[in-house]
Every structure is written in C-alpha cells, then in structure tokens.
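Below you'll find the structure, written out as structure tokens, and then a few comments.
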Amino acid sequence: MSDADYDKLFRELQELEKNFPECQSPDSPTLRIGAEVQSQLAKHEHLRPMLSLGNAFDDEELRAWEERLVRIAGDDVAKSGYTAELKIDGTAVALTYENQLFVMGATRGNGSIGEEVTVNLRTVRDVPLRLHESAPTGRIEIRGEIYFPFDRFEEMNEARARAGDPVFANPRNAAAGSLRMLDPAVTASRPLRFFGYSVAVPDGEELPFDTQTELLDALDQWGVPVAPHRKRAKTLAEVEKWADDLEHKIRSELNFAIDGGVVKVDSLHLQEELGVVGGREPRWAIARKFAPDIAETRLLDIQVNVGRTGAINPFAVLEPVEIGGVIVKLATLHNEDLIVAKDLRVGDWVQVKRAGEVIPQIIAPIPEKRTGAEKPWRMPKKCPVCGTPLTREEDEAAIYCPNIICPGRQLEGLVHFTSRGAMDIRGLSYARIEQLVQEGLVKDPGDLYSLTHEQLLELEGYADKGTDALITAIQASKSQPLNRLLNALGIRHVGAIAAQLLAQHFGTLDALMAASADDILNVRGIGATIANGVVAYFSDPGGQKLIDKLRRAGLDFKEPRAVAAGGAFSGKTIVITGTLPTLSRTKATSMIEAAGGRVTGSVSKSTDFLVAGEEAGSKLEKAKSLGVAIIDEAELLRRINRPATSST
Ligand code: IVH
C-alpha cells in the first residue's frame, strides 16, 4: 500500500475511534503514535538473562566448538544438526505478549536488567501489536534485534550533517539511540525495523516446538518478521559453506548490517542439556564472525570542503584500496582535533576501516612505515572557496567560514534547498546547480523562482522539453508545506524533524517569525539549541532578505493541518498559563493539538482563549485587557470531549 493510502485509512480510523472510543481495539495502529514524553526510562528485570555469544573467527574455531559439543553430548549433536542465521548488527530487545497482545518491551541492558521502552517499540511497524491466531495465548517473550536499514541510515546522517547536527557513527548506534529516546515521537520518526530469533516462556511452561527451525517458522506464522537467508544444516560442513556465501555474496546484497552469522544447535532439548557457560554464553550457539574490515593504504592528501552552515570538513584522500568488497578512496576525518590526536601526516601508511560497513574511517597511522618524508597537516587559515579567514567557535570542534555569501556555502545551501527531503525540486542535479551558480543566474534559493525559460535554454545541456519540466517543478515547489521550507532554509540545528514540530505548532511562517525563543521552547520536542538557532536566523538581515524574496515569489508559508477538520478546537489559537490542577503543560498541549487547536506562548488579539490555572500572572491580565475568553481546566476538558459541531 502506498504511504498516501495508508495515511488516508489511518486518519479515517483515528476519526472513527474519536467518535466511538469504546470500539478502539487494543492493537489499533493508532496506539503506535501519540504517547507522552517520558522523564526517564524505567528499569526492567528480564525473565531470564539475555545472553551474549562466544565467537569463531574461522572454520577451525568453528570445528573446535563442535568438538566441545560432541565431548559433552556425543551422537546427539549429529542427530540434532544446526540452524544458521544472520547475526543482525542492531540492538537486542525482549517483547512481552500476553493473550497475543504486545504489553511490554525492554532493551537488553546488561543482560539481567534492561530499560523499558514499550511506547517506543510500539512505534516500530515491524513489531506486531497482536500476534496471529496460531500464537500461544499465555505470557510469552519474543527476543530479537532492532536495526536501522542502511539506505535510511545514510539519508538520516546526510540530513543531520546538513542541519549541523552530529551524525551517528553506524546503524547500530543509530538503532540503539533511537530506541532509547524519551520522546516516542522521535523514535517514530526513525525507520527502525525488527527481526525475531528466540522465544522464552515462564518457568514450568513448555515451548510449543522442538527445534530452532520450528521456532523460526512459528515466529513467521505469528506475524513476527524473521531474518532472511537462514539455513537448516545437517552438518558443520554445510554451515561452513553457508558462512562463506554469507561473507562473500549475501552480505553485500543486504540493506542492513550484519556482523557475521549465528550457528545454533537445532534441537531445543539438546540446547537445554548443553546449557550456559559462566552464566553468560550458551554452549549451544556461537557467532561466526567475519574477518575484520580493515585494510592498509597510503594517505595521499588531506583536503577540506565547505558545508552549507559554513562548517569546514577535512577528509582523507587515500590510495584506492579494497575493503570488504568495496573500493575505498576517501575517508572522513571529522575535525582538526582528531587529526592532531591521531598524529596523521600526509604520506603516512594508515589503517582504514569501514565502520558499520558505510563510512570509511582512519583508525591510526602506522608509524613504523614512516620514511621521514611525511608532512604534518594544518587546517587552512582561510576558506578554500572564498578566502575569508576561518573562525572557531568556543566549545566547538568545528571550524567555520563565517561568510554567509561564500559561494561554497551557497552552493551547498542550494543543493540542500532543492533536495528530496526539502523542497523536492526534481531535475536539479548537483552539476546543474553548480552551473547556475557559476553562470551568475542563481545566488540564493529565492533566485530559482525567477529563472526563465529563455535563460535556461541559453545554457549548455538544456533542451526545450527538459527546461519546461524543470520550470514547472520549481513553480510547483511553491506550494510545499511549511515544514519542508523550514528544513530547506538550512537554519542551524533545524533538520526535518524539528522543522515538522515547528510547522505543526506554529502553522504559518509569520507566526514562527514573530515567536520569541521562549515561545519556541514551548513546542514539545524542541530544546534551547534549536530555539536559539531559529531566532538567530530570522533576526539576521540575510535571513530576512531571503524570506522577503521567497514571499514575493509567492511561496506558500503554511502548514496544512494534520488533524481532521471538525476537531473541537479546529482553527483555534489557545494560550495556557499558570499551573493546571491535574494536567501537565505537555499533556494539555497535546490534547489541544489533537483536537485541532494550536497552543502559543503569548496572548494577543488573535488568541481565541486562555486556559488559566493557579498563579496565573501577566498573561491573565493581558487576556482580560484584550477581552480574550478565559477558561479553566474543567472547561477545557468539557470542550475537548464535546462533539465538534457545538464547539465555540
Ligand atoms: S541468539 C542466545 N541470534 O548478537 C544467545 N543473537 O553477540 C544470544 N544477535 O545479544 C541470542 N542476531 O543481540 C541470536 N540471529 C541471532 C542474532 C543475535 C543478532 C545479537 C544479540 C546478542 C548478540 C550476541
């Protein structure tokens, strides 16, 4: 089903549940979103310890493992055979089901005690909220791995880098971090996935299968995703062949990270008999790890590029080398401090690794191979593009080109503005944007909207038809919703998620521009760094000039309402002040927003009403003087629960 179809059905369901709350089912997908921000994650003690695995780095170590098993269990090992599975490089979780309903989920933690992340796990669409009919009805725990797919990981990191936010080192960290957010809305915005691989039942109860193969088949039937490429192997030789395929073929075709395979004794009875070593590692399973993805090569040069925020990013130019089936020519170097700390010199032999199989990184130089010709590297003093002296902000490792009209920054800014996650103007490749900048036709995003057919046709590489399509795409982007525009502007620290929160809250660009840092801090999920970034952007003359230009071009500065029209507060602007008797500020805000209203921080003529609690101060006075309606919490709740048609 397309995202649009899904969204339509989803909204219909939300509407139905609003009108008939008694009909909401406990596994309704609407329960995947909208949970409260948590103040901390609760500790959770696991039913049984979540174990780790011993490692075998080659076939010989794998055979030594089998010999140990045979010494203990003799012929039974051959009778059982093995199951081989992908070793998903994510973060382990335990999902508890009661009467087939998902009731609780926790992270692995230290193996005995993890953290409860139920509301966050609910947002992961792979996690079934209800198991299929064939699943047991008692209490049952399904264990598996939450992971972050490669393609989405790269998209997210690119967006974060563009917004000036720190990037995740690898998909595993991204998965673990996203799962442990206090705000489930943030987890929901991350495309986490799940594979199940084991099942536990309370002591004294029997598992309804005899082998790991049957267990995985059962999970599949219950609606739990199971990782592909699993293999039932009669002998270790078959496992070895499978592991070889995995490392050299299958691995490069996957859209998620694995760090090897897991080989398990297939019979669950034999697993029980073989038991656990030192309370930590099962004897009956072993991780077959890959050879590490590390290679040695020469560091030919260190160069820098200029990001759209002005950040100067050094990167390594390497003598091309193959690592894990991929030719690596460049590696990230993050910042100058890191280069100094590692004592990297141009000309060094270096060890390079592909972290999380995506971004190549330099581990360290190999000093024994130095000849004396290697040269220490210094950060340039001036911007390599515009020549402006570079600056370093206190407490930040990054160096910046402070020149807002630096062509290097402008180019990157335009590329971001037009990109898929931002204004989504198709047909403007990097090369075309570069050409428009070089020809002097475009300096900032505002200029895109005045490009004419004739101007483009004069450029190399433009024909009639393509030019038409491009102009149409540029014009069509004027009606993109506010959240895309906010992301596109490249405000420091404002990425796609913050942009969405801001757009939903303020509704129009003018409301956001009129907001103070305090008003912005009232938005759920927005902190001081973002609030200050926004205020700084709109008070900068450069920012204001660009907004004026975009306004004249006719861009739509509005966010369409996500909530169905007809909510009790549809179209209303509401201010909350003082301490409410039962509701927290966040809870009241989310209830009003769910009913279609907008909560702002300060009272003005356009405020529809003020919700006043204990110790309300100046806002209450102002509301009185402006004649704004004033209500209390009880009235607020009455109006929320009242049918939409009779709302004021
Ligand atoms: S079995 C009983 N199966 O690897 C032993 N674990 O290094 C552990 N993992 O903590 C569970 N894929 O997070 C098992 N197919 C798989 C796995 C897998 C990934 C993780 C799991 C575990 C870690 C041990």
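The values are calculated or read from the model by the stated rules, or taken from the named source; none is laboratory data. These numbers come from a predicted model, not from an experiment. Here Cβ is always computed from backbone atoms with ideal geometry, including for glycine, and neighbour counts include all displayed protein chains.
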Next on the checklist: So for segment 242-258 (the condition being at pLDDT 95 or above, farther than 17 Å from D89 by Cα, of a type in the set (A, V, I, L, M, F, W, C) and surrounded by fewer than 14 Cβ atoms within 10 Å (Cβ to Cβ)), does at least one residue qualify?
Outcome noted: no
Checklist entry - Scanning for something free of Cβ contacts under 8 Å to residues at least 24 places away in the same chain, surrounded by fewer than 19 Cβ atoms within 10 Å (Cβ to Cβ) and either among the basic types (K, R) or assigned to a helix (DSSP H, G or I) (or both), does segment 603-614 turn up at least one residue? => result yes
Item to check | Output for segment 253-288, where each listed residue is assigned to a loop (DSSP other than H, G, I, E, B) and either within 21 Å of N170 (Cα to Cα) or within 11 Å of the ligand (Cβ to nearest atom) (or both) | outcome: L254, N255, F256, A257, R280, R283, W284
Next on the checklist: Could you tell me how many of the residues in segment 272-291 are surrounded by 12 or more Cβ atoms within 10 Å (Cβ to Cβ), under 15 Å from K87 (Cβ atoms) and in contact (Cβ under 8 Å) with a residue 60 or more places away in the chain?
Outcome noted: 7
Checklist outcome for this item: If we keep only residues of segment 233-247 that are away from the ligand (no atom under 14 Å from the Cβ) and not acidic (D, E), then the residue nearest to A287 (Cα to Cα) is L236
Checklist outcome for this item: (1) more than 19 Å from R524 (Cα to Cα); (2) part of a helix (DSSP H, G or I) all hold for D556 apart from (2)
Checklist outcome for this item: Scanning segment 98-114 residue by residue, the ones that are in a strand (DSSP E or B) and surrounded by 18 or more Cβ atoms within 10 Å (Cβ to Cβ) total 5
Checklist entry - Out of (1) among the β-branched types (V, I, T); (2) touching a residue at least 24 places away in the same chain (Cβ under 8 Å); (3) away from the ligand (no atom under 14 Å from the Cβ), what's the single condition that is false for V103? => result (2)
Item to check | Residue among T508, T529 that alone is farther than 26 Å from N403 by Cβ and surrounded by fewer than 17 Cβ atoms within 10 Å (Cβ to Cβ) | outcome: T508
Next on the checklist: Cβ-Cβ distance below 7 Å, separation of 6 or more or different chains: which pairs start in segment 572-587 with a residue that is at pLDDT 85 or above and end on one that is surrounded by fewer than 14 Cβ atoms within 10 Å (Cβ to Cβ)?
Outcome noted: T573/S606; G578/E614; G578/E615; T579/E614; T579/E615
Checklist outcome for this item: Within segment 461-491, residues buried (at least 19 other Cβ atoms within 10 Å of the Cβ) and either assigned to a loop (DSSP other than H, G, I, E, B) or in contact with a Cys (Cβ under 9 Å, 6 or more places away or on another chain) (or both) come out as G490, I491
Checklist entry - So which pairs qualify, if the first residue must be in segment 132-148 and farther than 10 Å from V93 by Cα and within 16 Å of the ligand (Cβ to nearest atom), the second must be at pLDDT 95 or above and of a type in the set (D, E, K, R), the Cβ gap must be under 8 Å, and the two must be at least 6 apart or on different chains? => result Y147/R193; F148/R193
Next on the checklist: Whether any residue in segment 322-330 is part of a loop (DSSP other than H, G, I, E, B), free of Cβ contacts under 8 Å to residues at least 24 places away in the same chain and not charged (D, E, K, R) is what I want to check.
Outcome noted: no
Checklist entry - Listed residues A175, A185, A218, A169; which is assigned to a helix (DSSP H, G or I) and either away from the ligand (no atom under 16 Å from the Cβ) or modelled with pLDDT under 90 (or both)? => result A185
Next on the checklist: Filter segment 392-416 down to the residues that are outside any loop (DSSP other than H, G, I, E, B) and either in contact with a helix residue (DSSP H, G or I) (Cβ under 6 Å, 6 or more places away or on another chain) or closer than 16 Å to D540 by Cβ (or both) and list them by number.
Outcome noted: Y400, R409, Q410, L411, G413, L414, V415, H416
